[in-house]
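Enquirer: Pasting a structure here, questions to come.
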Amino acid sequence: MALTVGIDVGGTFTDFALMDDRTGALRLGKVLTSADDPSRAVLAGLRTLLAEGGFDARDLAHAVHATTIATNTVIQRKGLPTALLTTEGFRDVLLIGRQRRFELYDNSIGKPRPIVPRELCFEVPERLMWDGSVRRPLDEDAVRTAALAIRASGAAGLGICFLHSYANPAHERRARDIVREVAPEVLVSISSEVSPVYREYERASTTVLNAYVMPVVSAYIGRIEDGLAEMGRRRSLYIMQSNGGIASGDYVRRHPIRIIESGPAAGVLTAARYAEAAGTSNLISFDMGGTTAKVCLIENGRPGMTETFEVDMINLKPNSGIPMNIPAIDLVEIGAGGGSIARAEMGGIKVGPISAGSSPGPICYGLGGREPTVTDANLVLGYLNPDYFLGGTMALDLDAARAGIMERVATPLGMTLEEAAWGIYEVVSTQMAQAARAVSIGKGRDPRHFALIPFGGAGPLHGAELARQLGCGRVVFPKGAGVETAIGLLMADPAFDVARTSILALKPENLPRINELLAGLAADTGRELDACGVDGERHLVASCDMRFVGQGYELTVELPAGPYRAEDAETIRQAFLRTYAATYGERAFDPKAPIEGVLWRMAASIRTPRLTHPDLPADGTGAGAGVALKGRRPAYFRDRRRAEPCDVYDRYLLPAGARFTGPAIVEERESTIVLPPGAAAQVDAKGNLVVDFGG
């Protein structure tokens, strides 16, 4: 067993990267996603890739998978009916939510539609106090009555969230046992396991989302594992989590909410590895596929992390989506991809967020699509080669794309065909620039000081234009950019994050309790790492959300290695004061004020060997980029406002050190790079294309 495969499922394409662990050799693949059941494309594409390489499935040691199935289930509301069981008096916690408004002065805005309708919210008598003490015992008969009603409702999932259960899970565990006795077919999630932290609304929201996606994700993983078993492999499947670490299929079945940002996380971690090629550790990761575009800021080589984020947001506005308490890479995702549908609307061009996906797909695919898309525009502009899409395995219909754009966009707006196609290209690029500004300027960072790393099937087509709009001076197009997320999965480590609320004053007498709490969290992560069955060096990082006593919100502070002695209380105190001063200023606090820890965290991972691309052979001919020149074809560029002949290069033939300038097009099987006039490109030793813009 010497093969590892990374599989990334997108809304339009499913990408593969197969690595021979003995030699480091890579084979890449890309197939259309099977929209009705993505597992079909996963298994069919894997069989094809293995056969092309002359491999047997029994040689497959690990399959590492990134999927959007959880995200799509929530956004499209395709999950099965789900119920909530909560403490008496708290039935409307999901409906009430928070008072925060994403548009302060707009009285017409509404709240996100809850995953669980009010008629499926049930309450039972019980009450725990903040310290875990029992004020009112659980009414087990009421739980049985509620379980019968839940069963009769046809709900497939159930989230149980009792008040203060993070401090004492006994009532939730007993309620789960009763529900399993009465309604064994219902899949149950309890908040003390899914999100054992305080703040009731966010914890309840996270728990019901876990229950909502659990039937769909569990069935999906089962289909892939069954398919691998039929191919001769068992229990070799790992899934990428939102925090950038991989987990076993069994863990994801229990915690499917942890993969809500599965695919985007893998891509960001891969982009962070190109700091050397970019000449800076400050990067903007830009992943554009067929359905969505994902943007993330990477500072000092590390992507930002968040412990609470929202899904199904409206226009990227905070507090407009459904909140979740799970650790995740901090990124922005918008409905802008190669399959995004373009149309004439109110005298202008609108693009997305609706996508043609893989079925029926863009008009040029010839699969029944009738709405023009970004891919159709790229084809009309001359950027895509109709005879070399997916390496020539899929022909594109240029005439149909022209007719569709002319009919739906150009004619209604009184434009020429080229103007309409360029308008589509520029509008979608502008939308992605807005997302990039949200993660850069929106956080007080100047994108002009960052290098851009574009990847995904459509990212290289739009990377240079996005860099122009942001003012980025350098762009790095990674080797294998079209399937970069799948390649990144080959480099993923098992990683788990756990947290628990326990409000403890930072005093020497509380350090034994803190040691006990952190030891328990370390044991929890250790069990999950053991279940992965992966060897390697283990790393543990403890942190705590701390605040001055009396405050309502906290700051996360990384803790020194324990266990702690009495004198360590002052060390931890000083770490908090430094974090507070860096956030709010040196004079924003009383350094003698009492401090308390609220939420205790443990992050654990196993470091595995890193995939490295071998150096390209040296150019012994002296021909440079000329050896890779395929020919010329007309392409439309913004500055010229017309189509003119443009050099086309075969990326696989470009030697290390090759230099050329735009306008140029660089083709590979999985993606196409578009370089505008004035762009200066150079191939580095690893095969990455590094592009600089003058001025």
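Every number here is computed from the coordinates shown, using simple stated rules; none is lab data. Values in this document were obtained by computation on a predicted structure and should not be read as measured data. Neighbour counts run over all protein chains shown; Cβ positions are idealised from the backbone, glycine included.
Enquirer: Based only on other Cβ atoms within 10 Å, what is the fewest-to-most ordering of S359, S108, S429?
Expert: Values: S359 15, S108 5, S429 25.
In order of increasing Cβ crowding within 10 Å: S108, S359, S429.
Enquirer: Right, next: Once you place label points 7 Å from the Cα toward the Cβ at D106 and A395, how far apart are they in nm?
Expert: Placing both labels 7 Å along Cα→Cβ, they lie 4.7 nm apart.
Enquirer: While we're looking at this one, here's another question. For V380, V134, what's the fewest-to-most ordering of other Cβ within 10 Å of each Cβ? Please report the intermediate quantities before stating the final value.
Expert: Working: V380 27, V134 13.
Fewest-to-most ranking of V380, V134: V134, V380.
Enquirer: Okay, next question. Loop by DSSP (not H, G, I, E, B), at most 13 other beta-carbon atoms within 10 Å: where is the longest site-free stretch of the chain for GluC sites (Glu not before Pro)? Present the calculation step by step, with values, prior to reporting the outcome.
Expert: Working: sites that count: E103, E185, E567, E586.
Within the chain, the longest run free of exposed GluC sites (Glu not before Pro) spans 186-566.
Enquirer: Strictly over 21 Å apart at the Cα level, which of K30/K479; K443/K686; K443/K592; K78/K111 would you flag in this model?
Expert: On the way: K30/K479 15 Å; K443/K686 32 Å; K443/K592 30 Å; K78/K111 19 Å.
Cα-Cα > 21 Å for K443/K686; K443/K592; rest within.
Enquirer: Ok, one more. Which Rg and Dmax, in Å, describe the Cα atoms of the range 74-143?
Expert: 15.9, 47
Enquirer: Just need the relative contact order of the range 75-217 here, percent rounded to a whole number, with Cα pairs under 8 Å and 6+ apart. Walk me through the numbers before you get to the answer.
Expert: Working: 265 pairs, mean separation 43.0, N = 143.
Dividing the mean separation by the residue count of the range 75-217 yields 30 percent.
Enquirer: Stretched out fully, how many nm does the piece from W130 to S153 gain, at 0.36 nm a residue minus the Cα gap? Present the calculation step by step, with values, prior to reporting the outcome.
Expert: Details: separation 23, 0.36 × 23 = 8.28 nm, distance 3.25 nm.
This chain segment gains 5.0 nm when fully extended.
Enquirer: Are there chymotrypsin sites (Phe, Trp or Tyr not before Pro) in the range 530-587 that DSSP puts in a loop and that have at most 11 other Cβ atoms within 10 Å, and which ones?
Expert: Details: sites: F548, Y553, Y564, F576, Y580, Y584; in loops: Y553, Y564.
Passing both the DSSP loop test and the Cβ count: Y553.
Enquirer: Got the relative contact order for the range 624-693 handy, in percent, Cα pairs under 8 Å and 6 or more residues apart? Could you put the intermediate results ahead of the total?
Expert: On the way: 145 pairs, mean separation 17.7, N = 70.
Relative contact order of the range 624-693: 25 percent.
Enquirer: Now for a different question. Could I get the Rg over Rh figure for the range 624-693? Both from C-alpha atoms, Rh via Kirkwood, rounded to two places. Intermediate results must be reported in sequence, preceding the final value.
Expert: Values: Rg = 11.5 Å, Rh = 12.1 Å.
Ratio of gyration radius to Kirkwood radius: 0.95.
Enquirer: Let me ask something else. So what is the relative contact order for the chain, in percent, with contacts set as C-alpha pairs under 8 Å and at least six apart?
Expert: Details: 1614 pairs, mean separation 81.3, N = 695.
Relative CO of the chain lands at 12 percent.
Enquirer: Using a 7 Å offset from the Cα along the Cα-to-Cβ direction at both R113 and K78, what is the distance between the two label points in nm, to one decimal?
Expert: About 1.5 nm separates the two model spin labels.
Enquirer: Tally Lys/Arg at +1 and Asp/Glu at -1 over every other residue whose Cβ is under 10 Å from the Cβ of A266; what's the total?
Expert: Numbers: positive: none; negative: D8, E261, D287, E484.
Overall, the nearby charge balance is -4.
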